[in-house]
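The values are calculated or read from the model by the stated rules, or taken from the named source; none is laboratory data. The structure displayed is predicted, hence computed values, not measured ones. FYI the Cβ positions are ideal-geometry reconstructions off the backbone, even for glycines, and counts take in every protein chain you see. To get the accessible areas, we keep the full protein, side chains included, count just its heavy atoms, and leave off ligands, DNA and RNA. Shrake-Rupley method; radii C 1.70, N 1.55, O 1.52, S 1.80 Å.
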Amino acid sequence: MSHHLIEARDLHYTYPDGTPGLGGVSFRIEHGQSVGVVGANGAGKSTLLLLLTGILTPSLGEIYIGDARLTKKNRDRIGGRLGMVFQDPDDQLFMSRVGDDVAFGPINQGLDPDRVSRRVTEALQAVGISHLKNRPPFKLSAGEKRAAAIATVLAMEPDMLLLDEPSSWLDPKARRRLIKILQGFSHTKIITTHDLDLVLEICQRTIVLSRGRVLADGPTASLLTDRKLLDEAGLELPLSLHPAAG
Amino acid sequence: MSSLVQTLYELRRIDELSRGDSFLHRLHPAAKLLTTLAFLAVLASFERHQIIPLLPFAVYPIALAAWGDVPFRPIMRRLMMAEPLIIGVGLLNPLWERSAVAFGPWQISAGWLVFASIAVKGSLAVSAALALTAVTGMDGVAAALRAMKVPRLMVMEIQMTYRYLYLLVEEAMRTINAYRLRAGRAGNPKPGVWGPMVGRILIRTVDRAERIHQAMSLRERGGGRFPGRVIKFAWKDALFLCGWIALFLFLRLFDLSSWLGALVLGGLP
């Protein structure tokens with residue numbers, strides 16, 4: 001079985017204060033797929049990512065990464081195959097230099113200094129910000145911060161990439177650049193977002209969440225043109241498909 | 001610019017200075033940290049009413065700033081921010097110790113001498129710590145602590161506390177700006193607003209700190225390691241450390257200020 005496979009079986013999660021997060025989510029994502037997870041605010045998108053990475057533990061249900069079931073005991077080892085890019089890059093970047101932030105993951109993987117240095121160089125090159133290696137993260141633009149946040153995850157060479165609202169706070173050029181970067185990766189990708197146009201461009205498959213449940217799961221092109229489905233999920237047609245867009 | 005914004009910029013400015021490339025910046029962080037700890041220990045060893053023998057110790061923070069190409073203004077500003085605390089610590093001494101002692105040709109209360117001694121010691125200690133941060137950076141200080149075999153968890157706590165300080169100021173800045181934009185002429189938050197505002201800022205900061213912790217733990221995965229330049233402790237580091245410790249001991253055992261005073265006034269035998 002491929003290590004790049006992820007499967008959720010009947011996932012349930014309720015927050016400690018009783019707020020329902022997920023109410024029985026199941027899917028299977030194969031090697032190399034790019035999957036968009038869309039839904040209105042509170043649909044459970046971010047909760048799903050936190051469960052898949054092992055930060056949260058499901059109240060009920062199982063997660064398989066490759067052929068291994070994700071548990072509290074093995075989440076550092078198994079969950080480490082997934083690289084997650086958080087919604088706010090300022091939450092992800094905590095060192096005083098971009099290079100140190102990118103090196104943080106590989107160092108903690110126990111790599112020797114030469115390999116860490118090579119990983120940092122390659123990750124920064126992949127997102128096109130090699131020149132920012134010695135800059136403090138707080139001095140970067142929103143697009144540069146996003147690229148740096150992706151580089152911190154790429155440097156760990158994860159099997160799969162999980163991205164939470166990757167296009168938020170980006171101007172059109174930075175967003176276009178992000179799309180090109182993501183299209184260049186062959187990783188299995190799970191992208192949670194409200195940016196349906198981004199999903200149209202990057203993801204072949206889409207999972208529509210509503211109130212913690214899977215409302216639909218199928219080819220992006222057909223789901224994101226289904227007005228009734230989108231309406232039910234609290235979403236609208238992607239801007240590029242809107243009649244006013246011509 | 002609000003004082004909070006100013007504080008944030010000052011914090012970042014000090015951190016940015018640590019990315020300089022002077023010979024001080026290139027020294028092993030442990031050498032600088034140990035030298036500063038020795039400086040603080042020697043300062044603490046002075047009698048509580050001694051003032052004049054403390055003055056030559058100003059050479060250490062001044063030398064760090066001068067050799068490290070650190071502009072004096074940000075250091076002085078941060079020192080001024082700490083002064084109320086330093087003064088607050090020593091302020092009760094004049095009330096407690098009222099016995100008269102001779103200070104040159106004058107008779108003054110012993111409490112005032114202790115107060116002045118605390119103020120001088122405090123100012124020297126804070127300026128040395130600021131100069132150390134400016135030529136080493138918090139990451140460098142953390143690397144020094146790790147090199148000195150301080151438990152990893154403790155070092156991480158120090159680094160995270162430093163990061164949390166930034167978060168707290170950033171969140172406070174956003175909340176106060178939002179208040180001011182709607183407060184119109186009311187200006188600064190009124191006393192009745194402070195309670196809920198501080199509570200809100202703390203909750204937001206804790207939320208954000210939790211997200212940062214999640215992001216960090218996903219990449220740390222139990223490794224517990226922090227990046228930082230790996231440099232070996234070289235002869236120049238040992239020379240720096242030993243040279244300064246020798247000077248501190250000399251200044252501790254020999255009252256240079258009094259000797260210079262006597263020299264200038266012709267009082268030497």
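Of note:
- Secondary structure note: in the protein assembly as shown, about 55% of the DSSP beta bridges are antiparallel.
- Figure note: B:His28, A:His4, B:His213, A:His131 ranked by solvent-accessible area, largest first, 1.4 Å probe, ligands and nucleic acids not counted: A:His131, B:His213, A:His4, B:His28.
- In sequence order, calculated HN-Hα J values of the range A:117-131 (Karplus, 6.51, -1.76, 1.60; Hz; x Gly/Pro): 4, 5, 4, 4, 4, 5, 5, 5, 5, 4, 9, x, 10, 4, 6
- Excluding exposed DSSP-loop trypsin sites (Lys or Arg not before Pro) (at most 11 other C-beta within 10 Å), longest clean stretch of chain B: B:1-97
- Segments A:113-119, A:5-11 sorted - mean Cβ within 10 Å per residue, highest first: A:5-11, A:113-119
- Taking every Cα-Cα distance in the range A:63-221 and sorting them into 10 Å bins from zero, the calculated P(r) comes out as 10, 37, 35, 15, 2 percent.
- Exercise: per-residue mean of other protein chain Cβ atoms within 10 Å, A:97-109: 5
- Cα extents for the range A:1-65 along the principal axes, largest to smallest and rounded to whole angstrom: 38, 23, 18.
- The accessible-area ordering, largest first, of the residues B:Met80, B:Met173, A:Met95 stands as B:Met80, B:Met173, A:Met95, per a 1.4 angstrom probe.
- Over 21 Å (Cα to Cα) - which of B:Lys32/B:Lys149; A:Lys45/A:Lys73; B:Lys32/B:Lys121; A:Lys139/A:Lys189; A:Lys45/A:Lys189; A:Lys45/A:Lys139 fall in this group: A:Lys45/A:Lys73; A:Lys139/A:Lys189; A:Lys45/A:Lys139
- Ranking by accessible area, most exposed first, for A:Cys203, B:Cys242 with a 1.4 Å probe: B:Cys242, A:Cys203
- Percent of Cα pairs exceeding the 45 Å cut-off, where the set is the protein assembly as shown: 29
- Accessible area per residue for the range A:60-135 is 44 Å², calculated with a 1.4 Å probe on protein heavy atoms, without ligands, DNA or RNA.
- Dividing the summed helix terms, -39500 (n - 2.57) for each DSSP H run of n ≥ 4, by the number of residues in the protein assembly as shown produces a 222 nm estimate of -17500 deg cm²/dmol to the nearest 500.
- Heavy atoms of chains A and B lose about 2600 Å² of accessible surface on contact, summed over both sides with a 1.4 Å probe.
- Residue-normalised accessible area of the range B:1-160, expressed per residue, 1.4 Å probe, Å²: 49
- Qualifying GluC sites (Glu not before Pro) in the range A:190-246, where qualification requires a DSSP coil assignment and no more than 14 other C-beta atoms within 10 Å, comprise A:Glu236.
- Taking the longest Cα principal axis of chain B as reference, the axis of helix B:3-17 is set at about 70 degrees.
- Evaluated over chain B, the Cα radius of gyration and Dmax, each in Å: 22.4, 73
- Accessible surface of the range A:137-180, 1.4 Å probe: 52 percent of it comes from carbon and sulfur atoms.
- Taking a straight Cα-Cα cut-off under 13 Å and skipping sequence neighbours fewer than 8 places away in the same chain, the aspartates and glutamates within cross-link reach of A:Lys72 are A:Glu62.
- Separation of the range B:63-124 from the range A:136-173 is 48 Å, based on Cα centroids.
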